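The values are calculated or read from the model by the stated rules, or taken from the named source; none is laboratory data. Note that the structure is predicted; figures quoted are calculated from it, not measured. As a convention, Cβ positions derive from the backbone with ideal geometry for all residues, glycine included, and neighbour counts pool all protein chains shown. Note: areas computed on protein heavy atoms with side chains; ligands, DNA, RNA excluded. Shrake-Rupley method; radii C 1.70, N 1.55, O 1.52, S 1.80 Å.
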Amino acid sequence: MLASLIAAGAALCLLYYVVIVVYAGITTAFSAAWLLFALFFGLTAASVRVYQRHPDQVPLWLPVSMVTICAAGILIQMTLQILIFGQVPSYAEPGLDYVIVLGGRVKPEGISRTLKLRLDKAAEYARENPETRLILSGAQGEDEAQSEASFMRDYLMDAGVEASRLILEEQARNTTENLLYSRRLMEQRAEDGRLSGLRIGIVTSNFHLFRAMWIARKQGMDSIQGIASGSDPVLLMHFCVRDGFAILKDRIMGNL
């Protein structure tokens, strides 16, 4: 029974990898991890099955260790997902002074669906809060014609947001840098060079908001407010698992 359950997990991981490749392309970041998950689950199921049939030929520690790793990994990810979605705000606080809009990949055919959803949420907030200024954060990638921040500005201007309200941050290449460089821009514009008294928000995807806000608070933005955009339903599980690993990485590196 245990071996069959684990084998089913391997099959589901493999199937989801195929879905990701067909839906979003083989170059989708982190997609190969689902092949590794399928391989590890498959090897674990095989070790359990061989032990059950030939207990004298396989040391007990092998299947026990592999099953323990599987169970621990699933438990850690489940805990992280509860944290991620347990703190997604149900509404956006109005009247913020600045809102940092986190960038995303821009493909040759245009902005990604993830970035589009963030920008649509930012445009909605900007229309409802005409005094708020938006900081658009994202550097130029190797395969991008211009900075992500520039693409974001063009999209928001087409959506009716005035150029005078859009501030470009074009150096950041990851979430930590998005927030660090955006903070510096706000400090430069503040009369006393400090953020005290400013009301600041972050627009990013729902699965990414927990990590972004944690990093922002680590950098001293204690009263940061979250504004969550939606996510692609097909890729949501992929993004959630990927960000779970990113949380662990940032925690180890001291970003959280």
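Report, ordered by the first and then the second residue, all pairs with beta carbons closer than 6 Å, sequence separation of six or more or different chains, a first member in the range 205-227 that is within 21 Å of Pro94 (Cα to Cα) and among the small types (Gly, Ala, Ser), and a second member that is open to solvent by less than 10 Å² (accessible area, probe 1.4 Å) and assigned to a helix (DSSP H, G or I).
Once the first residue is within 21 Å of Pro94 (Cα to Cα) and among the small types (Gly, Ala, Ser) and sits in the range 205-227, its partners that are open to solvent by less than 10 Å² (accessible area, probe 1.4 Å) and assigned to a helix (DSSP H, G or I) give Ala216/Leu179; Gly226/Leu209.
Tell me yes or no: at least one residue of the range 73-96 is buried (at least 17 other Cβ atoms within 10 Å of the Cβ), more than 20 Å from Gly9 (Cβ to Cβ), touching a Lys or Arg at 6+ places or on another chain (Cβ under 6 Å) and among the aliphatic types (A, V, I, L, M).
Yes; the residues of the range 73-96 include at least one that is buried (at least 17 other Cβ atoms within 10 Å of the Cβ), more than 20 Å from Gly9 (Cβ to Cβ), touching a Lys or Arg at 6+ places or on another chain (Cβ under 6 Å) and among the aliphatic types (A, V, I, L, M).
What are the residues in the range 199-250 that are among the aliphatic types (A, V, I, L, M), open to solvent by 40 Å² or more (accessible area, probe 1.4 Å) and part of a loop (DSSP other than H, G, I, E, B), if any?
Listed by number, the list holds a single entry, Val234.
Looking at this structure, is Ser137 among the polar types (S, T, N, Q) and touching a helix residue (DSSP H, G or I) at 6+ places or on another chain (Cβ under 7 Å)?
Yes, satisfied.
Ile111 - would you say it is surrounded by 16 or more Cβ atoms within 10 Å (Cβ to Cβ) and at pLDDT 95 or above?
no
Counting only residues that are of a type in the set (Asp, Glu) and not in a loop (DSSP other than H, G, I, E, B), how many does the range 79-123 have?
Final tally of qualifying residues: 1.
Return the residues of the range 13-26 that are farther than 8 Å from Ala38 by Cα, in a helix (DSSP H, G or I) and free of Cβ contacts under 8 Å to residues at least 60 places away in the same chain; say none if nothing qualifies. Can you show your working first?
Residues of the range 13-26 that are farther than 8 Å from Ala38 by Cα, as a first pass: 15-26.
From the residues that got through so far, the ones that are in a helix (DSSP H, G or I) too are 15-24.
Residues satisfying the conditions are Leu15, Tyr17, Val18, Val21, Val22.
Suppose we keep only residues that are among the hydrophobic types (A, V, I, L, M, F, W, C) and either in contact with a helix residue (DSSP H, G or I) (Cβ under 8 Å, 6 or more places away or on another chain) or open to solvent by less than 20 Å² (accessible area, probe 1.4 Å) (or both) within the range 13-31. Which one would you say is farthest from His238 (Cα to Cα)?
Ranking the candidates gives Leu14 first.
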